[in-house]
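Notes for the one structure printed next.
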Amino acid sequence: MKDDFEKKLFKMAAREQMVLPKTLERKIELKLQSARDAKRPKKILNLRRSLILAAVLLTLFSITAFAAAGALKQRMEAMNKEKMEEYFVQIYSSFAGTDNYNRSYTDSEKKRLDELRISYEEQGRFPEGELTMLDEVEDYKGKNVAFFKKTSTFFFPEKEMSDEQLLQIIDFYAKRDYSLQKMNEMIADKETDFPEEARPAVPQNPTDSAVLESSAAFQPDQALTIPYTGDLSIRAIAAGGDGILLAGRNVIHRMEIGSSDSVLFYDGFDENTQITELCEDGEGNVYAGLLKVTADGNYEVHLAVIDKNGSFLKEIDMSPYMKDETITIGGRPGNGYINRMMADNQYLYLRGINFQDADFLLIIDKDGNPVSKMKSGKYTADRRYSMCIGKDQKPYTVLMDENHRFGIAAVNPKEGTLEEIYTAVFPKDTISLNLAAPGYDADFVFWGFSGSFSLNLSENAATLVTPVYDFPCPTEGALYLALPDGRIVLAYCTEYRNYTAEDGEQRHERIPEKTCFYYLPAIRNP
């Protein structure tokens, strides 16, 4: 009777699903027969037989792995150019910057997915079919595995997925990755052109006067699509009290809600200044986060304050709040970067890169004097996580707890502490929350790469209002803000142009006429 080790070896061989030539099978059989016929004590015999088996199986595993790798390579190379282009177009034209799912994997599915991926890559275990490609979300009937190309969304059945379905997902990823790499190589070698289908189209320009005159622009349940007709290459946007603020490289415009054009608000910045963030306080004063070039050619962080009439008030040097170290910003040395900013009646709340002892939040008064610094601890906040002034006029911030679940909390600015903390109020698979604002029919609305949410603090659980696969435009590369009525506005550009920066490096910027504004209602029960 075989010992345990020998049983394990045979079990490993069975899992490999080896198909060997007859001549090789005969050679192995002779070797094993010689081991069985050997006149040796049982324990030594078992050990010898096991060692022979181990050596034989090691060779066979290598042969099998080599054969599987060849089979996988053949499977990828079997795709024709049209099929690879289909995958390529899907990646570039998707409205989402990442893959999305109608539900999370179960723990069992995650475990089997990892095991099946090894079988796929090392043993050549391929699915019998392919997952279903959806033209519209409504086409999914709740069975099998499907993929909605427009927003890179996987649809899984409610019940546990089978091995075949998981293999279809693995096969899809492998073919998509291979197609992306191969198509990029072919484009670089001028063997093919960049597919025009991979560029999302900008809607035709309507007459925005019709939108404004119909008052649709001011209805909280009204979705709008407004192509931009102005001439500003937009880098940042923010909600103002009575409109939208737009920032170019070193200039600020204003735009009416629902309008397609913008007008100059302030352009008194130095030519080499870059605007990184905007916000407006209750009095209409505009705050602009700046990167200014110093005499030695480095960037320094500053804050410009401009009144509601477009007159310059002051500039605040943020160097005292930055770490004493240099980082690279757009190819040039600098001391930091303002990434998020908001203002209430007294204070400015800032989040960014390289803040000293304030990786969670920096709070200063409107003259630039320190108020408090908040460091990450039990709760953390990425520089992209949003802040807002709530309906109760308290400052709030998005945060993440130790279990990597998103929540929200009120901020005590004088003490630099969190109050009224609401943790794990978003689904566990939520991807970032880059926008927070007071809602129309809820305490708050949120936007991130998983979709838009609304939240009433009394409910202690956020409601998904619009999943990412229902957005009218891509989220990757989009600029975003929230209007006072709770609507979310995305500004998306389908094409960029190159320019030469002051340091001689090639950069790219949005082409104004390829930019479009999308107004998205965030009402729970429209």
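What follows draws every value from the coordinates through simple rules; no lab data is involved. Everything numeric here is computed off the predicted structure, so don't read it as measured data. Neighbour counts run over all protein chains shown; Cβ positions are idealised from the backbone, glycine included.
Counting pairwise Cα distances across the range 383-526, what percent come out greater than 27 angstrom? Pairs farther apart than 27 Å: 28 percent.
Length gained on full extension, ASN309 to LYS414, computed as 0.36 nm times the residue gap minus the Cα-Cα distance: 34.8 nm. Put simply, when 446-452, 243-249, 477-483 are sorted by average Cβ atoms within 10 angstrom per residue, most first, you get 446-452, 243-249, 477-483.
When the trypsin sites (Lys or Arg not before Pro) in the range 136-190 are filtered for DSSP coil states and for at most 13 other beta-carbon atoms within 10 Å of their beta-carbon, the remaining sites are LYS141, LYS143, LYS159, LYS190.
A compact globular protein would have a Cα radius of gyration near 2.2 N^0.38 Å; the ratio found for the range 368-460 is 1.03. Here's the list of aspartates and glutamates a cross-link from LYS81 could span, going by alpha-carbon distance under 13 Å and ignoring same-chain residues fewer than 8 apart: GLU185, GLU191, ASP193. Rounded to the nearest Hz, the phi-derived 3J(HN,Hα) couplings of the range 404-421 under the Karplus curve 6.51 cos²θ - 1.76 cosθ + 1.60 (θ = phi - 60°) are 6, 10, 7, x, 9, 8, 7, 10, 8, x, 5, 8, x, 10, 9, 9, 6, 7, where x marks glycine and proline. Taking amide H as placed 1.01 Å from N in the peptide plane, ARG125 has its amide H under 5 Å from the amide H of TYR120, each at least 5 places away in sequence or on another chain.
Rounded to the nearest whole Hz, the Karplus-based 3J(HN,Hα) values (6.51 cos²θ - 1.76 cosθ + 1.60, θ = phi - 60°) of the range 289-294 follow the sequence x, 10, 10, 10, 7, 8, with x at glycine and proline. Working note: Debye formula, equal point scatterers on the alpha-carbon atoms of the range 454-500, no solvent; log10 I(q)/I(0) at q = 0.15, 0.30 Å⁻¹ is -0.57, -1.18. Sorted from greatest to least, the principal axis extents spanned by the alpha carbons of the range 233-316 come out as 43, 26, 16 Å. A cut-off of 5 Å between modelled amide H atoms, ignoring neighbours fewer than 5 places along the same chain, links GLY284 with no other residue.
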